[in-house]
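Undergrad: I am attaching a structure below and will ask some questions about it afterwards.
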Amino acid sequence: MPKLKIITFGCQANEHDSERIAGLLLQRGYELTDREEEADLILLNTCSIRRKAEEKLYSRLGHLAVLKRRKPSLRIGVCGCVAEQEGDGIRRRFPCVDLVVGIGQIALIPYLLGEKKEGEDKPGLLTPHRFHPVKAWVEIMRGCDNFCTYCVVPHLRGREESRQPEEILKEIDNLREKGYREITLLGHNVDSYGKGLHPPISFPELLRRIEERVAGSMWVRFATSHPKDISPDLARCLAELSSLCEHIHLPVQSGSDRILHLMNRGYDRQRYLEIVDLLRSQVPHISITTDVMVGFPGETERDFNDTLELVERVKFDRIFSFKYSPRPRTAAMSLPDQIPETVKIDRFHRLISLQNRISEHRNQALVGKVVEVLVEEEGSKKDPEVHTARTRTNHVVHFRHPKVQVGSRVLTKIVAASAFHLKGEVISFEALDGSRLECICPKRS
């Protein structure tokens, strides 16, 4: 039985595409492996939203070229955004690569490998092989229509296209029946879901239809939102729907109106703050995370200080920060006043320092609270009784218990906090059959 190794770079959409690739090839008799040395086929599913992700790919290909010299039968493929962007240029640069698979060509991988089945005229269905036993990605749309000046997504993944709600609900029904405890609805801009569908449907309407099916049995998350499309109806959903977790990832990118305009973000600083106020008025304990870019072309120290002031004012639970890097086909690549790397690095570290202080302060406020968590990982490398879980508000909690399983919902009392995670003590937990089991809190270590 041939062995397959998939290496994934980038966002949740790429992770879900890797599940599709795995599902397609497992149907063809492949077996997954974690070891590159024993693989017969290695596929790298790539991201090109930042230059660093491409550099990681090229570094990995250099390593795999050495492996292939030792094992000439090994086949190597590059999939995803870099494959879509660079095409056969990858094979010219890295002759060790056997196939290059664009974003819309996943179903053709068996054909490109020369493994078409006799009598088969069409590619097989892309039924994903889920990598997690109780958490699942559910794609509700593909592509993006926003054309932010720094972003390659619309150029590589195309324009927005929403799935029919019936298809989405059928997939969710199937996951519920298989015992999944959490789903994350995926789209590059989930808040614009439904545009162009007939009959028309909005994202909040989809959330309500999902609630009717999963309330009490599954948690629902979504990613990612665009501030320009956030509606009062979505805020009401976050407040009213029991299945919907009280967390939103709301990329701001910059706190400077001038930079937001250059980025073509479609909102200004004041509008973003109004959205935050709307969300917190509906759900006071909501967790808000964000993306922030430093060093966008033309960003002055004043612009950067505007970003720091916004971060201080909003007090995000967490931020994902990154340095601007020029991307092919994007408008920002040709903008004047590109920022020196030394300045980007300095601003990056100042931003992280501020956010770490805010995150620790917000997490410390949770100490003493009792929260419900879903167990995501059972045991750690150092201690098989220390588990990793996540709150509805997307905070990571570590706790010790001898019996808890992945997929259990656990009531924990938060006893310690850092900027990055929480530590809890178990009060009670729910077995996988849904029964609530009482237990004595283990002694704090």
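The values are calculated or read from the model by the stated rules, or taken from the named source; none is laboratory data. Just so it is clear, the structure is predicted and the values come from calculations on it, not from any experiment. Cβ atoms come from the backbone with ideal geometry, glycine included; neighbour counts cover every protein chain shown.
Undergrad: Which of the residues spanning the stretch 64-74 are crowded, with 18+ Cβ neighbours inside 10 Å and either of a type in the set (Ser, Thr, Tyr) or not in a helix (DSSP H, G or I) (or both)?
TA: LEU74
Undergrad: Filter the stretch 1-17 down to residues that are part of a loop (DSSP other than H, G, I, E, B) and in contact with an Asp or Glu (Cβ under 8 Å, 6 or more places away or on another chain) and give me whichever is surrounded by the most Cβ atoms within 10 Å (Cβ to Cβ).
TA: PRO2
Undergrad: Of THR289, THR330, which residue is under 15 Å from VAL252 (Cα atoms), crowded, with 17+ Cβ neighbours inside 10 Å, assigned by TED's automatic domain parsing to the domain that holds CYS237 and at pLDDT 95 or above?
TA: THR289
Undergrad: What about ASP317, is it farther than 28 Å from HIS361 by Cα and among the acidic types (Asp, Glu)? Steps first, answer last, please.
TA: On the way: farther than 28 Å from HIS361 by Cα: no; among the acidic types (Asp, Glu): yes.
Answer is no for this residue.
Yes/no per residue for (1) among the aliphatic types (A, V, I, L, M); (2) in a helix (DSSP H, G or I):
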{"position": "LYS52", "(1), (2)": "no, yes"}
{"position": "GLY62", "(1), (2)": "no, yes"}
{"position": "ILE76", "(1), (2)": "yes, no"}
{"position": "CYS79", "(1), (2)": "no, no"}
{"position": "ALA83", "(1), (2)": "yes, yes"}
{"position": "ARG92", "(1), (2)": "no, yes"}
{"position": "VAL97", "(1), (2)": "yes, no"}
{"position": "GLN105", "(1), (2)": "no, yes"}
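Undergrad: Further question on the same structure: Within the stretch 161-179, which residues are in a loop (DSSP other than H, G, I, E, B) and farther than 27 Å from GLY104 by Cβ?
TA: If the condition is that a residue be in a loop (DSSP other than H, G, I, E, B) and farther than 27 Å from GLY104 by Cβ, then LYS178, GLY179 are the ones that fit.
Undergrad: I'd like the full set of residues that are in contact (Cβ under 8 Å) with a residue 60 or more places away in the chain, touching a Ser or Thr at 6+ places or on another chain (Cβ under 7 Å) and part of a loop (DSSP other than H, G, I, E, B), limited to the stretch 253-284.
TA: ASN264
Undergrad: Considering only the stretch 297-307, state which residues are in contact (Cβ under 8 Å) with a residue 12 or more places away in the chain and either surrounded by 18 or more Cβ atoms within 10 Å (Cβ to Cβ) or among the polar types (S, T, N, Q) (or both).
TA: Hits for the stretch 297-307 are PRO297, GLU299, ASP303, PHE304, ASP306, THR307.
Undergrad: Also: Tally time: how many residues in the stretch 315-356 are within 30 Å of LEU279 (Cα to Cα) and either in contact with a Ser or Thr (Cβ under 8 Å, 6 or more places away or on another chain) or not in a helix (DSSP H, G or I) (or both)?
TA: Summing the residues that are within 30 Å of LEU279 (Cα to Cα) and either in contact with a Ser or Thr (Cβ under 8 Å, 6 or more places away or on another chain) or not in a helix (DSSP H, G or I) (or both) in the stretch 315-356 gives 14.
Undergrad: Here's a follow-up. Looking at the structure I just gave you, is HIS249 under 18 Å from GLN282 (Cβ atoms) and touching a residue at least 24 places away in the same chain (Cβ under 8 Å)? If you could, list the steps in order and put the result at the bottom.
TA: On the way: under 18 Å from GLN282 (Cβ atoms): yes; touching a residue at least 24 places away in the same chain (Cβ under 8 Å): yes.
Judged against the criteria, HIS249 is a match.
Undergrad: Being closer than 30 Å to SER243 by Cβ and surrounded by fewer than 19 Cβ atoms within 10 Å (Cβ to Cβ) narrows it down to one residue among VAL314, VAL386; which is it?
TA: VAL386
Undergrad: Further question: Kindly check whether there is at least one residue in the stretch 165-179 that is farther than 11 Å from VAL138 by Cβ and polar (S, T, N, Q).
TA: Scanning the stretch 165-179 turns up no residue that is farther than 11 Å from VAL138 by Cβ and polar (S, T, N, Q).
Undergrad: Continuing with the same structure: Could you go through the stretch 365-378 and let me know if any residue there is over 27 Å from SER243 (Cα atoms) and either modelled with pLDDT under 95 or surrounded by 14 or more Cβ atoms within 10 Å (Cβ to Cβ) (or both).
TA: No: the stretch 365-378 contains no residue that is over 27 Å from SER243 (Cα atoms) and either modelled with pLDDT under 95 or surrounded by 14 or more Cβ atoms within 10 Å (Cβ to Cβ) (or both).
Undergrad: Of the residues LYS195, LYS228, only one is in the same structural domain as ARG163 (by TED's automatic domain parsing), surrounded by fewer than 21 Cβ atoms within 10 Å (Cβ to Cβ) and modelled with pLDDT under 95; which?
TA: Sole residue among the options that is in the same structural domain as ARG163 (by TED's automatic domain parsing), surrounded by fewer than 21 Cβ atoms within 10 Å (Cβ to Cβ) and modelled with pLDDT under 95: LYS195.
Undergrad: What about SER359, is it at pLDDT 95 or above, under 30 Å from GLU430 (Cα atoms) and part of a helix (DSSP H, G or I)? Spell out how you get there, then give the answer.
TA: On the way: at pLDDT 95 or above: yes; under 30 Å from GLU430 (Cα atoms): yes; part of a helix (DSSP H, G or I): yes.
Yes, satisfied.
Undergrad: I'd like to know if the stretch 18-40 contains one or more residues that are under 17 Å from the mean Cα position of the chain (by Cα), part of a strand (DSSP E or B) and surrounded by 15 or more Cβ atoms within 10 Å (Cβ to Cβ).
TA: no
Undergrad: Now for a different question. Sort out which residues of the stretch 144-173 are at pLDDT below 95 and in contact with a Pro (Cβ under 9 Å, 6 or more places away or on another chain), and write them in order of number.
TA: Within the stretch 144-173, VAL152, HIS155 meet the criteria.
Undergrad: Any residue in the stretch 160-188 that's surrounded by fewer than 21 Cβ atoms within 10 Å (Cβ to Cβ): show its pairings with residues that are part of a helix (DSSP H, G or I) and small (Gly, Ala, Ser) at Cβ separation under 9 Å, as long as the two are six or more apart or on different chains.
TA: What qualifies is GLU160/SER192.
Undergrad: Could you tell me how many of the residues in the stretch 334-352 are surrounded by 12 or more Cβ atoms within 10 Å (Cβ to Cβ) and in contact (Cβ under 8 Å) with a residue 12 or more places away in the chain?
TA: Matching residues across the stretch 334-352 total 11.
Undergrad: Say we look at the stretch 389-433 and pick out the residues that are within 26 Å of the chain's Cα centre (by Cα) and among the hydroxyl-bearing types (Ser, Thr, Tyr); which of these is nearest to LEU244 (Cα to Cα)?
TA: Among those that are within 26 Å of the chain's Cα centre (by Cα) and among the hydroxyl-bearing types (Ser, Thr, Tyr), it is THR393.
Undergrad: Among the numbered criteria (1) within 30 Å of GLY295 (Cα to Cα); (2) touching a residue at least 60 places away in the same chain (Cβ under 8 Å); (3) among the hydrophobic types (A, V, I, L, M, F, W, C), which single criterion is violated by LEU44?
TA: For LEU44, the failing item is (2).
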